[in-house]
Each structure stands twice: as structure tokens, then as C-alpha cells.
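For reference, the structure is listed below as C-alpha cells.
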Amino acid sequence: MNKIKIEAENVNFYYGKTKALSGIDLKIYEKKVLALIGPSGCGKSTFLRCLNRMNDLIDGTRVEGKILLDGEDVYDKNVDVVKLRMRVGMVFQKSNPFPKTIFENVAYGLRVNGTKDKKILQEKVEQSLKQAAIWDEVKDRLHTSALSLSGGQQQRICIARALAISPEIILMDEPASALDPISTEKIEYLIHELKNLYTIVIVTHNMQQAARVSDFTAFFYVGELVEVDLTGTIFTNPTKKQTEDYITGKFG
Amino acid sequence: MENNLSLSKGKINSRKIAERVIFIFLRLVAVFVLGILGIILYFIFSEGFSVLSIGFLTEMPKEGMTEGGIFPAIVGTGYLVFFSMLFALPVGVCAGIYLQDYAKQGFLVKLIRLATNNLAGVPSIVFGLFGMAFFVHFLGFGASVLAGSLTLSLVVLPVIIRTTEEAVKTVPREIREASLALGATKWQTTYKIVLPYAFSGILTGSILSVGRVAGETAPILFTCAAYFLPRLPNSIFNEVMALPYHLYVISTSGTQIEKSRPLAYGTALVILMIVALTNLIAVILRNKFKIKQ
Ligand SMILES: Nc1ncnc2c1ncn2[C@@H]1O[C@H](COP(=O)(O)OP(=O)(O)OP(=O)(O)O)[C@@H](O)[C@H]1O
Ligand SMILES: [Mg+2]
């Protein structure tokens, strides 16, 4: 069927002594959208942040098991995290543009990775802003501060910023949770467009959103992966009772 | 019922009175502090303003320092400020960034922080003695601009480290993570995100320490300050005159203290103005860079 892009094998994760993930086995298919759902505190963000090793930044964390990206363990000693993060981009829950201009925000990833050529930067910035469906709104003010934009616009700048370094995978942690319905719709539309080019993993608390945007859905519950399947199957015919209770709103 | 009501009313009233009393008291204290500051300023201005002139700022002292200007002391203080900042700024900023962002937060870092905080509270005469023992004698710099600047840089180092740490701490975790998630290295994140964000804070701390360096007497007493020197230093191994020490000399140990009194007030006024000016610059620059963020 589809090519497996990322495969988690028996992943355990600890914040100090607290175990936040246990025995996660999960396949993520190339150029598909995987939605992670589950009640608050069940480990969705933790899992997502394992995929690009963002958890390395938190003191005292520990990972067991394997996370294979194209067959290569991302937690291997020889892995260069900088290269890993260029291949696995991330969009955060709270939009977090740098206090720089719109242009510099989007060009940042290219610059830190050594791109100096003005023309390439300009082309890439324009292309990424277009992909993130924000070009028309900002094309006349690329050199004003990104902080002067609205929350929804800022979040799309953050998406453009992640796209600019041409990652293979994009991780999104509740990218629309702080946005109004119109901005949310724009971002959902964007995800539809982007999945032709990228593998996407999205965390969401919004069941309709998961149903609308994703091809696969994984349900997490207190650090464990309860069930993962085609989104249609999860929402109409889940195998586990817990999953059914959660998506029908009986708890969580 | 009625009784209850009047009782509760009474309670509220007594609380209100207490509040008013405390408010008036706090206000009086504030006015008192301001008043004292005002008196000091008025005193120094009224006594010192008459001697202020171009000549006072640009001439050598004359007649056993009872006449003439304070030019060499101004230049000397300028040198000391420049060189001490040259040493203290890079070291202090690097140390602050290291402690906050790079060092593993554990026992050692706590110890270093404790030591820096204590260092900030050490009386400056102790720095002076240390400077004399270490820079002047042990390293053999002699009483010189170099020894004085290094001693002064030790005095302000804790301040610079602290303000750098505080400024670095204000950089939101989210934008650091965003930078790292885009494949920036830790150093690139420090250099391109953390430093620009923390810049105004670091700047404020540094400029405030300029005022400190310009005004400190004890650290330069044994390390570089000359009693009287009718010429400017031509190397960092020369002694210099400096404003605070000059003020000390002409108000305590001259032969004609009464005669040089007006010059002393003039000198005090110049020091005050330098300190006020640096603080003003700090405020302006901070606001300027704040807007950019
Ligand atoms: N930095 C941290 N230090 C210690 N424990 C943490 C840390 N971050 C998360 N945890 C714990 O790990 C568990 C999983 O947290 P995680 O953030 O992954 O949940 P989540 O599913 O993303 O929740 P939400 O939907 O509320 O975002 C929680 O019990 C949480 O308390
Ligand atoms: Mg989360």
C-alpha cells in the first residue's frame, strides 16, 4: 500500500520518573494525514515532540524504543538533530513568530542553514507564503513586524516558516485551537493542499476537524495508544469501547 | 438584624480608616525620600553651578588645585569607563548567557550564582585592596589605567552577569523552540533570537554600570588614581586622575581645603551629571529597542 515514513516501535517516554508514554507502536504513512486525538494529558504532544526530538530540550527526559524515519532511528547517537529537524518541521499550538519582519520569519530556516543568495531567499519566501495561503494578505508588507498580524495570520506565517525549509514531515500541535472558525477553515484547507507534498501529523481536540482533515486517526489514552485506523473506521466503527466513548463525547 | 447590620458597617469603616492612614503614611514616606533627593541636588547645584564653565571642563588644575579645571580627571574617568567596560561587558554577558542557557542547572551553577550575588554585595574598598594585591603587585601592572580598569570591571561584573541573566530569562521558550525546530543550532538560536530579544535589558544593565564605574572611588584608590598629574596618560600603564578621587582629594587632603571648596562642588556636579546622563541614555535606548520587539 503506502510507504511507511515514520515507524514508532515500542516507545516509552519519561519526564524524570513520570512515564508519559508506554509501548507506543505506530506507523505513519507517507503523504497522508495522521490525526492524534485523546483527552488532555494523554501524551499527544509528548509523542509529537519525540518525532523531531524537541523533548531533548527538557532536562531529565528519557526515551526508550525506536522511532524510525525512513528506516533510520532518529534517537541513534550518530543522528544530527539539526538535519532531523530540517526534515521534520513543526507548527506549535500557540503561534510563535519571531519578533522580526514577516520576510525574516519565513527566511529564518533558510538563513540558519546557510542560504545567502537573495534571489533564492525571495523566491522561497514567496512560494512558502503562497503555500500557506497568506501571500495575498501580506505581500505588500513583507518588511513589517510579524507581530503586527492577527493571530490567525501569525499562525499561517508560522506554517509558511516551517514550509520554507522544505521538510518531508510536518508536525502540527493543535494548530487551530486558538483561532476563529474562518482562520481554522483556512488552515484545514491548507492541510488538504499540503498533503500532496508532505506527510502530516496533527494533534487536535476537535473531533470534526480530525474527521475532516485526516486519513488516519490514532486515539491515545493515559500514555497508551488505544487504537489507530483509517479515520472513517475510527469514527464509524471503532474496535475499542474507550475510543467509541471518547469520540461520542461520553468522557474526556 | 439591625444590630448585625450596624456592626458590619462599623467594621468596614474601621478598615477604611486603616487603609487611609496607611495610604497617607506611604505617601509621606515617598515625599520624604523625594525631598531628600531634591535637597541634595539643590545643594550641589547651587554650590557647584557657579564654577561650571568651559574652562573648568577643559583646563588643567592650577595653584595646588585651588583653581583651574578638572580636564585630566574627566579624561581619566573616561579611560577607566572605557577600559573597564571593554573587560567587563564581554565577560559578563558571556557568563550570564552561559549560566542561564548553557550550563546544566545544578549544584555548580547555584554555587556560581550565589558567589556572584555575594560579590555584588562586597564593599568596594575590598575590591580596591584585591586590585592592588593582584593587578598592581602580583601581575606587576603597577598603579595604572590597566590595573584600575580591571579592578573596576570586577566591581560591575556581578551586575552585568545578573542583568544579562535576567534579560535572557525573559526570552519566551516558544520562540527558542521555534528556532530550534527550524534546524537552527543552539548557538544560532542564542545569536539570532536570544541576544536581539534580550538586548535592551543587557544594554540597560551595562549603562547603569557605566554610571557605577564613573562614580566609584575605593576601587581606584590604590590601583590607578593619581593625586595630581598635570598631563594626560599616554599608555594604559600610566596613572590617571579620576573624578571621584579628585573630589575626595580636594575636599579632604589639600592644603587649602576652604579655597578649593567651590571646585569640589563643581566636580561633584560633573559626576552627578555624568551619572544622570548615562541613566537617561539607558532609558532612551531601552525604549527604542523595546518598540522593535
Ligand atoms: N515538561 C514536562 N515535565 C513533566 N511532565 C510533563 C511535561 N510535559 C508534559 N508532562 C506530562 O506528560 C503527560 C502528557 O503530556 P502531554 O503534553 O503530552 O499531553 P497532551 O496529550 O498533549 O495534552 P493536551 O491535550 O492537554 O495538550 C501529562 O501527564 C503531563 O503532565
Ligand atoms: Mg498537548
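The values are calculated or read from the model by the stated rules, or taken from the named source; none is laboratory data. Predicted model, so just to flag it, every value in this text is computed and none were measured. Quick reminder, even Gly has a Cβ in these numbers, built from the backbone with ideal geometry, and neighbours come from all protein chains shown. Ligands, DNA and RNA are excluded from the accessible area calculation, which covers all protein heavy atoms including side chains. Shrake-Rupley method; radii C 1.70, N 1.55, O 1.52, S 1.80 Å.
Pop a pseudo-label 7 angstrom from the Cα along the beta-carbon direction at both B:GLU174 and B:THR58 and give the gap in nm to one decimal.
5.6
If you place +1 on the Cβ of every Lys and Arg and -1 on the Cβ of every Asp and Glu, how big does the dipole about the Cα centre of the stretch A:49-143 come out, in debye to the nearest 20?
Computed about the Cα centre, the dipole is about 240 debye.
Per residue, what volume in Å³ does the convex hull of the Cα atoms of the stretch A:54-136 enclose?
153
What's the tally of Lys pairs in the stretch B:54-292 whose alpha-carbon atoms lie under 25 angstrom apart, where the two lysines are 8 or more places apart or on different chains?
Final tally of qualifying lysine pairs is 16.
Say R0 is 51 Å: what FRET efficiency, to the nearest 0.05, do A:TYR15 and A:THR236 get from their beta-carbon distance?
E(calc), rounded to 0.05, equals 0.90.
The stretch B:193-293: which trypsin sites (Lys or Arg not before Pro) are DSSP loop and have at most 13 other beta-carbon atoms within 10 angstrom?
Counting only loop positions with at most 13 other Cβ atoms within 10 Å, the trypsin sites (Lys or Arg not before Pro) in the stretch B:193-293 are B:ARG231.
Please work out the Kirkwood hydrodynamic radius for the stretch A:185-252, using every pair of different C-alpha atoms, and report it in angstroms with one decimal place.
The Cα-based Kirkwood calculation yields 12.7 Å.
For the stretch A:101-197, go through all pairs of different Cα atoms, get the mean of 1/r, take its inverse, and jot down that Kirkwood value in Å.
It works out to 13.5 Å.
With an 8 Å cut-off on Cα pairs and a minimum separation of 6 or more residues, tell me the relative contact order of the stretch B:54-292 in percent.
27
Can you compute the modelled spin-label distance between B:LYS104 and A:LEU57, with each label point 7 Å from Cα toward Cβ, in nm?
Here the answer is 2.1 nm between the modelled labels.
Set Lys and Arg Cβ to +1 and Asp and Glu Cβ to -1, take the dipole of the stretch A:1-133 about its Cα centre, and tell me which of A:GLY16, A:VAL125, A:ILE67 lies farthest positive.
Result: A:VAL125.
Rounded to two decimals, what is Rg over Rh for chain A when you use alpha-carbon atoms and the Kirkwood radius?
0.97
Calculate one ³J(HN,Hα) per residue across the stretch A:228-238 by plugging θ = phi - 60° into the Karplus curve 6.51 cos²θ - 1.76 cosθ + 1.60, and present them in order as whole Hz with x for glycine and proline.
9, 6, 4, 4, x, 5, 4, 7, 10, 8, x
Of the chymotrypsin sites (Phe, Trp or Tyr not before Pro) in the stretch B:191-252, which ones lie in a loop per DSSP and count no more than 16 other C-beta atoms within 10 Å?
Sites meeting the loop and neighbour criteria: B:TYR227, B:PHE228, B:PHE237.
Simple spin-label model, 7 Å along Cα-to-Cβ: A:LYS118 to B:LEU37 in nm?
A separation of 4.9 nm, rounded to one decimal place.
Give me a comma-separated list of calculated 3J(HN,Hα) values for the stretch B:226-242, in order, Karplus coefficients 6.51, -1.76, 1.60 applied at θ = phi - 60°, integers in Hz, x for any Gly or Pro.
Ordered by residue, 3J(HN,Hα) equals 9, 4, 8, 8, x, 9, 8, x, 10, 8, 6, 9, 8, 6, 9, 8, 9 Hz.
Sequence-distant or interchain residues sharing an amide H contact under 5 Å with A:GLY38, placed H: which?
Sorted by chain and number, the residues that satisfy this are A:PHE220.
Please work out the ratio of the alpha-carbon Rg of the protein assembly as shown to 2.2 N^0.38 Å and round it to two decimals.
Relative to the 2.2 N^0.38 Å estimate, the protein assembly as shown comes out at 1.34.
Using Cα-only point scatterers and the Debye equation, what is log10 of I(q)/I(0) for the stretch B:54-292 at each q in 0.10, 0.13, 0.15 Å⁻¹, rounded to two decimals?
Debye output, listed in q order: -0.54, -0.83, -1.01.
Helix check for chain B. Which DSSP H runs span at least 15 Å along their own axis by Cα, with a mean Kyte-Doolittle hydropathy no less than -0.5?
B:2-48, B:71-97, B:107-121, B:145-169, B:195-215, B:257-292
What percent do you get for the relative contact order of chain A when only Cα pairs under 8 Å and 6+ apart count?
27
In the protein assembly as shown, what percentage of the DSSP-assigned beta bridges are antiparallel, given to the nearest 5?
Roughly 60 percent of the DSSP beta bridges within the protein assembly as shown come out antiparallel.
Compute, for A:GLU244, the solvent-accessible surface of its heavy atoms (probe 1.4 Å) with the complete set of protein chains present, and express it in square angstrom to the nearest 10.
So the heavy atoms of A:GLU244 present about 80 Å² to solvent.
Taking a quarter of the surface of the Cα convex hull of the stretch B:170-268, what do you get in nm²?
9.8
Taking R0 as 56 Å, what's the FRET efficiency between B:TRP187 and B:ASN13 from their Cβ-Cβ distance, rounded to 0.05?
Efficiency computed from Cβ-Cβ geometry: 0.30.
I'd like the interface area for chains A and B: accessible area of each alone minus the complex, both sides summed, 1.4 Å probe, protein heavy atoms only. What is it in Å² to the nearest 100?
It comes to approximately 1800 Å² buried between A and B.
Looking at the stretch A:1-106, which trypsin sites (Lys or Arg not before Pro) are DSSP coil and have at most 13 other C-beta atoms within 10 Å of their C-beta?
For trypsin sites (Lys or Arg not before Pro) across the stretch A:1-106 that sit outside H, G, I, E and B with at most 13 neighbouring Cβ atoms in 10 Å, the list reads A:LYS3, A:LYS17, A:LYS77.
Enumerate the amide H contacts of A:LYS5 below 5 Å, restricted to partners 5 or more residues apart or on another chain; note that Pro and chain-start residues carry no placed amide H.
A:ILE28, A:TYR29, A:GLU30
Taking amide H positions as placed 1.01 Å from N in the peptide plane, with prolines and chain starts having none, which residues 5 or more places from A:GLU224, or on another chain, fall under 5 Å of its amide H?
A:SER22
With runs of 4+ DSSP H residues as the only contributors, calculate the mean residue ellipticity of chain A at 222 nm using -39,500 (n - 2.57) per run, divided by the residue total and rounded to the nearest 500.
One gets -10500 deg cm²/dmol as the mean residue ellipticity at 222 nm.
Please report the antiparallel percentage of the DSSP beta bridges confined to chain A, to the nearest 5.
That works out to approximately 60 percent antiparallel.
Taking 0.36 nm per residue of sequence separation and subtracting the Cα-Cα distance, how much length would be gained by fully extending the chain between A:ASP25 and A:ASP73, in nm to one decimal?
So the extension gain works out to 15.9 nm.
Can you show me the helix-derived [θ] at 222 nm for chain B, built from DSSP H runs with n ≥ 4 at -39,500 (n - 2.57) apiece and divided by the number of residues, rounded to the nearest 500.
Theoretical 222 nm ellipticity from helices: -24500 deg cm²/dmol.
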